[in-house]
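Heads up: the structure comes next, in structure tokens.
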Amino acid sequence: VQLQASGGGLVQAGDSLRLSCTASGRTFSSYGMGWFRQAPGKEREFVAAISWSGGSTYYADSVKGRFTISRDNAKNTLYLQMNRLKSEDTAVYYCAVAKDIGMRVADRAYSTWGQGTQVTVSS
């Protein structure tokens, strides 16, 4: 069972990026999924979550209105569209699969984690 995150890079403030997270080895269509991030010297923090069907989403206040989480269960892929990026969005971004169908904020509610993709926003 693996989650492969991709799409990170170096961008300027105000730019956009779309992260992808593809699952292999099993299907995750029956589970909620989420994105977290960890900046240098800081603890990992919640970014966004989505229910198993994609019908419900939840965001951290710091990204609300700028980021959009979505999923394509047919492709076993999770996305994070990030617009109007800020320097404080710089971090390693991780995707994860929840232990149940819902949207979950706490990282302990997630059972499977990807390896992370670096996002660097220059001001």
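The values are calculated or read from the model by the stated rules, or taken from the named source; none is laboratory data. Treat the numbers as computed from the prediction; the structure is a model and nothing was measured. FYI the Cβ positions are ideal-geometry reconstructions off the backbone, even for glycines, and counts take in every protein chain you see. What goes into the accessible areas is simple: the full protein's heavy atoms, side chains included, and nothing from ligands, DNA or RNA. Shrake-Rupley method; radii C 1.70, N 1.55, O 1.52, S 1.80 Å.
General remarks:
Here is a yes/no grid of residues against (1) touching a residue at least 12 places away in the same chain (Cβ under 8 Å); (2) within 17 Å of V121 (Cβ to Cβ); (3) hydroxyl-bearing (S, T, Y):
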{"residue": "L19", "(1), (2), (3)": "yes, yes, no"}
{"residue": "R26", "(1), (2), (3)": "yes, no, no"}
{"residue": "S87", "(1), (2), (3)": "yes, yes, yes"}
{"residue": "R104", "(1), (2), (3)": "yes, no, no"}
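- Number of the exception - M103 against (1) of a type outside the set (S, T, Y); (2) at pLDDT below 95; (3) open to solvent by 50 Å² or more (accessible area, probe 1.4 Å); (4) more than 14 Å from the chain's Cα centre (by Cα): (4)
- Number of positions in the stretch 74-123 that are in a loop (DSSP other than H, G, I, E, B), in contact with a strand residue (DSSP E or B) (Cβ under 6 Å, 6 or more places away or on another chain), aliphatic (A, V, I, L, M) and under 14 Å from F28 (Cα atoms): 1
- For first residues located in the stretch 29-57 and under 13 Å from C95 (Cα atoms) and touching a residue at least 40 places away in the same chain (Cβ under 8 Å), partners that are basic (K, R) and assigned to a loop (DSSP other than H, G, I, E, B) and lie 6+ apart or on another chain with Cβ distances below 6 Å form the pairs G32/R104; F36/R44; Q38/R44; A49/R104.
- The residues on offer are V63, V97, V121, and the sole one that is crowded, with 16+ Cβ neighbours inside 10 Å, touching a helix residue (DSSP H, G or I) at 6+ places or on another chain (Cβ under 7 Å) and not acidic (D, E) is V121.
- Any hit, the stretch 77-89, residues being among the polar types (S, T, N, Q), exposed (fewer than 13 other Cβ atoms within 10 Å of the Cβ) and either modelled with pLDDT of 95 or more or more than 18 Å from A109 (Cα to Cα) (or both): yes
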